[in-house]
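What follows is one structure encoded as structure tokens, with my remarks underneath.
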Amino acid sequence: MNTAPATGAPTVAIVADDLLQRQRLRQALGKYGITVVFTGSAGDYLARAASETASLVIIELQDDHSSPELLDQLLAQTDSALLFSPGPAPSQQGPEYVRWERRLFNKLQQQCGDLESLDDKASLNELVAQEKTPPLHCPPRIATVAAGAPATMVWVLGASLGGPAAVKAFLDRLPPGLPLAFVYAQHIDYRVAPLLQRVLTRHAHYPLVAPQAGAALRCGEVLQVPVQHQITLNKDGSQKLTDRPWQGPHGPSIDQVIQTMADHYGSQCHSILFSGMGNDGSLAAPQLKALGSQLWVQTPDSCASPAMVESAMATGAVTYSGDPGELAAQLLRWLEGQSLLQARQQRHRLADHPKGSYPLVDRPQAGQEGEAP
């Protein structure tokens with residue numbers, strides 16, 4: 001697979017007193033494919049500095065004020081750039097760890113430039129040449145709807161490196177008429193983004209559509225989220241286009257897209273995260289869990305880059321994982337289960353209030369407020 005490589009990916013030495021902090025820093029750097037050539041204490045690094053080839057040294061000392069001589073030696077004995085970590089890494093169980101990773105990545109990008117590899121034009125053109133995969137059969141219990149009907153359920157598809165191939169494989173397997181809209185947030189170069197429409201809709205029943213101010217999300221469509229500018233929803237669910245850039249280093253922000261859709265659709269907003277670098281989507285994961293929504297991920301071993309889905313899995317909010325074909329099949333099973341549940345609830349309502357019977361309503365007696373004596 002061809003990708004647009006990260007332009008400034010450094011080789012890194014990690015200098016930290018604490019073993020756990022070394023491990024956390026190394027794991028975080030691995031999510032962007034950064035090569036770590038050394039991990040150890042400051043003393044160990046100074047003893048080997050002449051033989052190290054790191055272009056950047058990340059420093060996390062428990063109390064750097066107590067050892068100024070050590071810092072002076074680091075500055076004097078290495079030609080590598082020095083970068084202080086954003087503080088000790090918190091527990092990996094919780095959103096604070098995700099935020100700590102984001103701070104680390106932001107500092108690295110300020111120092112080194114873009115770190116995330118993205119799918120390029122050549123890799124997208126390879127997908128165009130793929131043979132058509134027949135869609136799965138739609139279970140008869142799923143109440144299909146006409147394409148273009150206003151959507152009452154939305155699924156956010158989030159991806160980065162390797163995402164176009166995975167999302168295409170997922171969409172190609174879906175039969176038409178599903179009662180939902182997709183919102184697709186893909187980290188990609190804005191100059192390449194227009195190719196996604198040709199690639200992903202060549203065989204699928206679900207066309208990619210551009211945002212349209214004032215339009216509702218529609219069943220049978222995949223809204224392609226802009227790379228450079230935020231899109232939000234009005235109170236009535238119609239699309240609102242803005243000139244504001246996305247928060248964070250990459251656009252679109254999967255976290256922001258999920259949060260925007262969840263704020264409007266509530267428990268009818270769900271998400272699937274596919275292959276990608278970094279940890280985008282992990283901050284929004286607890287919100288989906290609190291709503292009782294579904295959060296699925298592509299299995300790490302089927303990803304071109306598993307970092308994004310592994311970060312989501314670490315939040316404890318993921319409810320299913322599978323390769324793209326398995327995710328498509330699971331969506332049909334889940335929709336079928338929802339249809340059965342709704343039918344059962346309807347039968348219970350009819351049993352409680354059979355046709356022609358109504359619950360008694362107390363009428364006010366003569367002289368009470370609301371009725372003349």
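Laboratory data are not the source of any read-out in this text; all were calculated from the coordinates shown. Computed from a predicted model, the values in this text were never measured in an experiment. All Cβ positions, glycine included, derive from the backbone under ideal geometry; neighbour counts span all protein chains shown.
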Report task. Report relative contact order for the chain in percent, whole number only (criteria: Cα-Cα under 8 Å, sequence separation at least 6). Result -> 14 percent
Report task. Based on the mean of other Cβ atoms within 10 Å per residue, sort peptides 163-171, 23-31, 189-197 so the most packed one is first. Result -> 163-171, 23-31, 189-197
Query raised in the report: Once you list every other residue whose beta carbon is under 15 Å from the beta carbon of Ser293, what net charge do they have if Lys and Arg are +1 and Asp and Glu are -1?
Result: -1
Query - Descending Cα extents along the principal axes, segment 109-196, whole Å - result: 54, 31, 18
Requested in this report: Give the calculated FRET efficiency between Asn234 and Leu20 to the nearest 0.05, with a Förster radius of 41 Å applied to their Cβ-Cβ distance.
Outcome: 0.30
Query raised in the report: For the residue pair Arg103 and Gln27, what label-to-label distance in nm results when each label sits 7 Å from Cα along the Cα-to-beta-carbon direction?
Result: 1.8 nm
Requested in this report: Please list, or write none, the lysines whose alpha carbon is within less than 28 Å of the alpha carbon of Lys31, excluding same-chain residues fewer than 8 places away.
Outcome: Lys107, Lys121, Lys168, Lys289
Query raised in the report: Which net charge results for the neighbourhood of His229, defined as the other residues with beta-carbon distances under 9 angstrom from its beta-carbon, given Lys and Arg at +1 and Asp and Glu at -1?
Result: 0
Query - Cα coordinate range in the chain, projected on the principal axes (Å, largest first) - result: 95, 63, 36
Requested in this report: Pull out a ≥ b ≥ c, the square roots of the eigenvalues of the alpha-carbon gyration tensor of segment 121-335, then state rounded if a/c is under 1.5, prolate if not and a/b is larger than b/c, and oblate in the remaining case.
Outcome: rounded
Report summary line: Rounded to the nearest 0.05, FRET efficiency between Arg244 and Ala47 (Cβ-Cβ, R0 45 Å) equals 0.35
Report task. Would you mind working out the magnitude of the charge dipole of segment 121-335 relative to its Cα centre, with +1 at each Lys and Arg C-beta and -1 at each Asp and Glu C-beta, to the nearest 20 Debye? Result -> 460 debye
Query raised in the report: If you take the charge dipole of the chain about its Cα centre, with +1 on Lys and Arg Cβ and -1 on Asp and Glu Cβ, which of Trp296, Ala89, Gly281 is farthest toward its positive end?
Result: Trp296
